[in-house]
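Each remark here refers to the structure printed beneath this line.
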Amino acid sequence: IFAGGRGKDGSPIITFPEFSGFNEVTDEEFVNVVTYLTSIPSMDAASIGFIIILDRRKDKWNSAITSLSRIAGSFPGNLQLVLVLKPSRLLQRAIADVSMRLHRDDFKLKVPIVMLNSLSDLHGYIDKGQLTCDLGGSLEYCHSQWIHHRTAIENFALTVKSTAQMLQQFGTDLAETELPNDVQCTKDLLITHTEKHDKLKEELKLAVKQGHTLLSCIKDQASKTESHVLNPDEVENQTTVERLLAQLDETENAFEQFWSRHHLKLEQCLQLRHFEQDFREVKVSLDGLMEALLGLSDTGDCVARVDHLLGELKTLEDKAQESLEKAQLHAQHGDQLIQSNHYAVDSILPKCVELRRICDDFSNEAKKKRDILTKSLEIHKGIDEVNQWCESGVYLLASQAVDRCQTQEGAEAALQDIERYMKTAKEQQLSHLKDLGNQYEIILSELVKSKAQTALKRLDDVQEMFEKRHASLKKLSTKQTRPVQPVAPRPESSPKRTSPKIPPPTVAASNRKATENSSTNKQPSDAELARRKNIRKAKGGIKIEVMHEGGQGGSSHVLMNNETEESLSNRRR
């Protein structure tokens, strides 16, 4: 037994009490028991050396000799002293004395063997307080309770060992686990590992609870003793349990630290898989929008078409707004993952950069198309204004009656219409179309450029027509001095006499006179005669106005007839 007593120098005491069946114990069982007993004390106590008390007071000397031989041959620990209580009967004691003198060297023990005749001799070596009552001491010892405590301690030690092995194996499994590549598998793995961790955590809590319960039972032994002090053996048990609890605590802390890192990695892996999945969805959406944007034409052949394209662009931008905002938020989420020391920074950062690049590309391309279409719309509106002005101008020119323009009043009125309309060209800044064409030449299509050039050419042509009409009307509206020469009329008695027929000049001939300064004999047209003559009817006859082509060097033509109104009307026709 290992009652817990100690020698004066702290050596652990192992007692071999009287036991008639000792020789029946097999060597294997003996070695197992002795090895276990020597493993109970601490390393410091065991290093001092053990003291063995061999009680053979009621036995024969041969039994004592056999016990010493077993101890000498099988004791695994460091022996300091062997104390033998000799048989109490006189014959056996005498035999023991003689045998020890003759066979001391046969035991092969390098420690002293002390033969004791009585308990009082024993008390000279060991204090009574370190001896059980059967050896005359006061040390309380209950073998069944000792077995119960040692069994509990051994069970607890086994629990600590198995728990540590399970935690270590679980940690190995976690370390060797490959991270999944999709969200669902990552979720499943995280759930599975968390469930295993929680289960091991519960077992760990039960082990800790078991250890604290055992420690309380050991400490309660002090209250049952008179001295309220634990014996060295119980102190050793308490130390053992505390050491196991400390070992369990260290194991738990190490496991929790490893689990925290592994759990964080699994959560970061799940975050990464969500990020990658959302990235793919956003990228597909943005790629589709970008493809639609690139497919949207930025060339229109008229205002309505350009307005329609601008409407389609606005619709596409509105449709893309949600995806663009989602992409920006996703990139910000990636930045947050990077700032939180995510293990996959090398994978997250390029995706954030790509999302922002796609958003910028879409915005820039949309802005570019809007800019082109807006400028194209401005050009087309300018073209339409020019064309409308030209069409209205041509209509105005065509609507001016030639006969109205032959009089000074008519010519002045037509001239004012022309000037007013020419002024509208400046007010509408029609010539600004040319500036717009030059300014936007780089971004405009060939079709738009061609239409703008055609409109500008037409504007030049119509303006030239207006300038020519303006010059003609201004010339016609200029007032000229027309001298009147009175001529005496012929008598009324000769109404049937015809006047000499002098062919008057034509308008064309009059125009040629201004340049050639010569006369012509061609007859003028009725319209020209009507313009040049102002015939007034007077009392007693006809007053004839002689119209001189003053300033043109032409000859004067005088009608010197006294004709009736009817004959004059016929002549005019």
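The values are calculated or read from the model by the stated rules, or taken from the named source; none is laboratory data. Model, not experiment: these values are computed from the prediction. Backbone-built Cβ (ideal geometry, glycine too); neighbour counts: all protein chains shown. When the accessible area is computed, the model is the full protein with side chains, heavy atoms only, and any ligands, DNA or RNA have been set aside. Shrake-Rupley method; radii C 1.70, N 1.55, O 1.52, S 1.80 Å.
Structure data summary
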item	result
Out of Ala72, Ala3, Ala64, sole residue that is more than 60 Å from the chain's Cα centre (by Cα) and within 22 Å of Ser138 (Cβ to Cβ)	Ala3
Residue check, Tyr395 in contact (Cβ under 8 Å) with a residue 12 or more places away in the chain, open to solvent by 80 Å² or more (accessible area, probe 1.4 Å) and among the hydroxyl-bearing types (Ser, Thr, Tyr)	no
Matching entry among Lys283, Lys326 (being under 30 Å from Glu178 (Cα atoms) and open to solvent by 30 Å² or more (accessible area, probe 1.4 Å))	Lys283
Yes/no for Leu190 being open to solvent by less than 60 Å² (accessible area, probe 1.4 Å), over 45 Å from the mean Cα position of the chain (by Cα) and not charged (D, E, K, R)	no
Subset of region 286-319 that is farther than 14 Å from Ile379 by Cβ and touching a residue at least 60 places away in the same chain (Cβ under 8 Å) - its residue that is nearest to the chain's Cα centre (by Cα)	Leu286
Conditions (1) open to solvent by less than 30 Å² (accessible area, probe 1.4 Å); (2) not in a helix (DSSP H, G or I): number failed by Asp301	(1)
Qualifying residue in region 376-383 (condition: open to solvent by less than 70 Å² (accessible area, probe 1.4 Å), without any contact (Cβ under 8 Å) to a residue 40 or more places away in the chain and polar (S, T, N, Q))	no
Residues of region 388-419 that turn out to be in a helix (DSSP H, G or I), charged (D, E, K, R) and at pLDDT below 80, as a count	1
Residue selected from region 1-37 under the condition in a loop (DSSP other than H, G, I, E, B) and of a type in the set (D, E, K, R), by the criterion farthest from Leu135 (Cα to Cα)	Asp9
Count - residues of region 450-467 that are hydrophobic (A, V, I, L, M, F, W, C) and either open to solvent by 60 Å² or more (accessible area, probe 1.4 Å) or not in a helix (DSSP H, G or I) (or both)	1
Within region 38-105, helices (runs of 4 or more DSSP H) holding 2 or more residues that are open to solvent by 10 Å² or more (accessible area, probe 1.4 Å) and modelled with pLDDT under 80	61-74, 90-103
Among (1) buried (at least 19 other Cβ atoms within 10 Å of the Cβ); (2) modelled with pLDDT of 90 or more; (3) out of contact with any Lys or Arg (no Cβ under 9 Å at 6 or more places or on another chain), the one test that Ala246 misses	(1)
Enumeration of residues in region 226-242 that are modelled with pLDDT of 90 or more and open to solvent by 60 Å² or more (accessible area, probe 1.4 Å)	Glu242
Complete set of residues in region 10-59 that are acidic (Asp, Glu) and more than 22 Å from Thr240 (Cβ to Cβ)	Glu18, Glu24, Asp27, Glu28, Glu29, Asp55, Asp59
Residues being over 20 Å from Leu289 (Cβ atoms) and surrounded by fewer than 20 Cβ atoms within 10 Å (Cβ to Cβ) - total across region 338-364	11
Per-region count, region 176-223, residues part of a helix (DSSP H, G or I), touching a residue at least 60 places away in the same chain (Cβ under 8 Å) and more than 30 Å from Asn155 (Cβ to Cβ)	5
